[in-house]
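Input: a single structure, listed below in structure tokens.
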Amino acid sequence: MRSRDSAGIIGKLDYKRPGVKALYAVLFAVLVLISLVCLLPPLWLLSSSVKDIKEFFAIPPTLIPHTFEFGKLADTWRELDFTRLYLNTLLLTAGTVVFSILFNGLLGYFLAVLKPSGSRIVFVLVLWTMLLPNTLGMVPIFKNIIDFPVLGINLTNSFLPMWMMAGSNAFYVLIFKGFFEGIPPALIDAAKIDGCTRLAIFFRIVVPLSVPVIMAITIFTVNAAWADFFWPYMVLKDNNMWTVIVAIFNMKTTASLDVQFIALAYAIIPPAILFLFFQKYIMQGFTFSGIRG
Amino acid sequence: MKKWLYRDLPSWLLIVPSLLFFVVFHWQPIVSGFVLSFFETKGYNAVRFNGLQNYIDVISNSVFQQTLVNTFMYVIWSLIIGFLVPIVVAIMINEMANLQAFFKFSVYFPGMVPGVAAALLWTFMFDPGPGGLLNMLLAKLGLPMSQWLQNSHLTIPLIIVTMTWRSFGGTVILYLASLQGVNHELYEAAAIDGAGIRKRVRHITIPQISPIIGILLILQIIGVFQVLYEPLTMTEGGPNNSSMSLMLTSYHYAFRYFEAGRSLAVGVITFLILAVLTAVYFRIDKRANAD
């Protein structure tokens, strides 16, 4: 972070003028207001979740709860089986991270380092995949999931479709490719002379040198997988397989409002905690890979 | 041949799974989706070729015209509400000597709320009854209650408010990164030449970050044009189809009416409009850069 006098447009000298001081105060106030708009809705949700049922439905609604009923939190947890929902989401996320790094990484390695004859075509195809809008995917992808090509198996109620989609992310492939191109070829040649196989070079040389990019993609993927809605909703029809997000969407029509609030709070708390701890990395990762998001 | 076998084949073997995933989830779907849009379908399978019949059916549907207009309205509202806000907020945060980290935290925080959760949260706040949070605030200010999402004139702008709430912080962070890269000597030189703050913003800050403004603008247009989850979660296209979007129509055709061919015809139409928009953007961009 730079020191104050070089931070922005308003220079040190300007602050000698009263008008500029007032301007700064106004900007500050506006930003405080914007912060409130950003933070209050989730905070209202959390505070409403602990109200007792009478206060919850009180008119007008209260901002700060007067009553606390924590038993309802436990009941909702048990009723909707949040242990299983969290475990499912965790499993979905873990697989998504592994597939994202492994298969996009290998393809990036193939395009950046191995470069066998014909790899140029693959590069062009991957680039086009990223550039073309995906408005045609819904039906054909669903068809491929319920009747997997050649194998003919039905992958409904399995995490595999989401994992495989994560393993074919054109944007990540290009990020990996760009990063791997920066690895000095001498390192790879030396390993080749020592008799390393291609796969060994990938895991022993390329991956250890790519910790920053792997970290960024991991954090980004964890966040995206946690929030992922459409394909989990389409694929996971059995409620034993639901993720948290699928569950809160599906109970929109069935659960009572106070239960929905609590469930929604449970869906927001984990990423919020993640953000509190990894704020810096998450924002860095976003500037790194977020333009597509 | 032997050389290829030793030198290139092992490399290709490494990416077999990756390529398989790309084929099954990206390349085959886009081709078969395009082809299937010209077929009469049963379930998700082609029955027989019927030329442009799906397109004719889709376009002659009484709601289609409204849907097309709505989709453009989503984009226009997202430009009105969501385009300038991140730029202004980023410039403001960049000026802050106090609490800068807190402001960054706050604006990015909604981005951590999963999209469907954010849509539901705002649906609760937009509750049209007296128990809704926003109606309570209106009452406190002495204003009449609003129907919010139930008012068909407000539906699209309010959905855009929800989307902007969730995503503008990320955009702010991107602009901030770009603002930090502006050479500070430019501001000092301008200040010495007597340029006021407004002039510095107009003649230094904006031109310096304009490349990223252009990229984010086109990405925003492309993204919002494909809006699906928010209306699906918040209104299901209602009231009276006033928030129906092209992609939601495509979704409804595919999974509510099981008309795969029509769903894909809508997909192709959306695809073509996006292609035209992108091409126009690059044409303008090129001309602007040439001047």
Next item on the list: Would you please calculate the Kirkwood hydrodynamic radius of chain A over all C-alpha pairs and express it in Å, rounded to one decimal?
Entry: 23.1 Å
Margin query: Only four residue types carry charge here, +1 at the Cβ of Lys and Arg and -1 at the Cβ of Asp and Glu. Report the dipole size of the protein assembly as shown about the Cα centre in Debye, rounded to the nearest 20.
Written below: 1180 debye
Margin query: Cut-off is 10 Å between beta-carbons; in what order do B:I215, A:I64 appear when sorted fewest neighbours first?
Written below: A:I64, B:I215
Note to self: Expected output is a single nm value to one decimal: the length gained when fully extending between B:A290 and B:V16, i.e. 0.36 nm times separation in residues minus the C-alpha distance. What is it?
What the structure shows: 94.3 nm
Margin query: For the stretch B:142-291, what does the relative contact order come out to in percent, with C-alpha contacts under 8 Å and a separation of six or more?
Written below: 21 percent
Item checked: Estimated inter-spin distance, B:L99 and A:T197, nm [label 7 Å along Cα→Cβ] -> 5.9 nm
Note to self: At 7 Å along Cα-to-Cβ for each site, give me the label-to-label distance between A:M130 and B:N61 in nm.
What the structure shows: 3.4 nm
Next item on the list: Report relative contact order for the stretch A:1-160 in percent, whole number only (criteria: Cα-Cα under 8 Å, sequence separation at least 6).
Entry: 8 percent
Checklist line | Longest site-free stretch - chain A; sites: chymotrypsin sites (Phe, Trp or Tyr not before Pro), DSSP loop, at most 14 other Cβ within 10 Å | finding: A:69-293
Check: Put +1 on the Cβ of each Lys and Arg and -1 on the Cβ of each Asp and Glu in the protein assembly as shown; which of B:L248, A:F179, A:A225 then has its Cα farthest toward the positive end of the dipole?
Finding: A:F179
Item checked: Distant alpha-carbon pairs in the protein assembly as shown (separation over 35 angstrom), percent -> 45 percent
Check: Too long at a 25 Å Cα-Cα cut-off: which of A:K177/B:K2; A:K237/B:K42; A:K54/A:K252; A:K51/B:K104; A:K143/A:K177; A:K280/B:K286?
Finding: A:K177/B:K2; A:K51/B:K104; A:K143/A:K177; A:K280/B:K286
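Inside 10 Å of the C-beta atoms of A:124-135, what's the mean count of C-beta atoms belonging to other chains?
5
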Item checked: Amide N proximity, the stretch B:244-271 versus B:Q53 label position 7 Å along Cα-to-Cβ, cut-off under 12 Å -> B:261-262
Check: With each run of n ≥ 4 DSSP H residues scored as -39500 (n - 2.57), what mean residue ellipticity at 222 nm is computed for the protein assembly as shown after dividing by its residue count and rounding to the nearest 500 deg cm²/dmol?
Finding: -21000 deg cm²/dmol
Next item on the list: Give the calculated FRET efficiency between B:Q180 and A:Y15 to the nearest 0.05, with a Förster radius of 22 Å applied to their Cβ-Cβ distance.
Entry: 0.60
Note to self: Just the number: Rg to Rh for the stretch B:147-291, Cα atoms, Kirkwood Rh, two decimals.
What the structure shows: 1.12
Note to self: Need one number: convex hull volume per residue for the stretch A:50-188, Cα atoms only, in Å³.
What the structure shows: 233 Å³
Note to self: Positive end of the dipole of the stretch A:87-193, charges at C-beta (+1 Lys, Arg; -1 Asp, Glu), about the Cα centre: which of A:F103, A:G152, A:L87 has its Cα farthest in that direction?
What the structure shows: A:F103
Notebook entry, point to check: Among A:C196, A:C38, which comes first, then next, by fewest other beta-carbon atoms within 10 Å?
Noted result: A:C196, A:C38
Notebook entry, point to check: Taking every residue in A:252-264, how many Cβ atoms of other protein chains lie within 10 Å of its Cβ, on average?
Noted result: 2
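Nearest 20 debye, what's the magnitude of the dipole of the stretch B:64-243 about its Cα centre given +1 on Lys and Arg Cβ and -1 on Asp and Glu Cβ?
With only Lys, Arg, Asp and Glu charged at Cβ, the dipole is about 200 debye.
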Next item on the list: Calculate the dipole size of chain A relative to its Cα centre from +1 charges on Lys and Arg beta carbons and -1 charges on Asp and Glu beta carbons; express the result in debye to the nearest 20.
Entry: 960 debye
Margin query: Are there any chymotrypsin sites (Phe, Trp or Tyr not before Pro) in the stretch B:213-291 that are in a DSSP loop and have at most 12 other Cβ atoms within 10 Å? List them by number.
Written below: B:Y257
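What full-extension length gain, to one decimal in nm, is calculated for A:D81 and A:I53 as 0.36 nm per residue of separation minus the Cα-Cα distance?
8.0 nm
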Next item on the list: Over chain A, calculate the relative contact order: mean separation of alpha carbon pairs under 8 Å at least 6 apart, over the residue count, as a percent.
Entry: 24 percent
Checklist line | DSSP-loop trypsin sites (Lys or Arg not before Pro) across the stretch B:194-291, with at most 15 other Cβ within 10 angstrom | finding: B:R256
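Give the peptides B:133-144, B:34-45 in descending order of average Cβ contacts within 10 Å, highest first.
In descending order of packing, they fall as B:34-45, B:133-144.
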Note to self: Using 0.36 nm times the number of residues separating B:T278 and B:R256, minus their current alpha carbon distance, what extension gain do you get?
What the structure shows: 4.9 nm
Notebook entry, point to check: How do A:V246, A:V30 line up, fewest other C-beta atoms within 10 Å first?
Noted result: A:V30, A:V246
Checklist line | Leading residue at positive end of dipole, the stretch B:64-243 (Cβ point charges), from B:L176, B:A191, B:G238 | finding: B:A191
Checklist line | Shielding by partners - mean other protein chain Cβ count within 10 Å, residues of B:7-17 | finding: 6
Notebook entry, point to check: If you keep only loop residues by DSSP, which trypsin sites (Lys or Arg not before Pro) in the stretch A:12-55 have at most 13 other Cβ atoms within 10 Å of their Cβ?
Noted result: A:K12
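Any read-out appearing in this document is the output of simple, stated calculations on the displayed coordinates, not a laboratory observation. Predicted, not measured: the structure shown is a model, and the values here were computed from it. Virtual Cβ from ideal backbone geometry, glycine too; neighbours counted across all protein chains shown.
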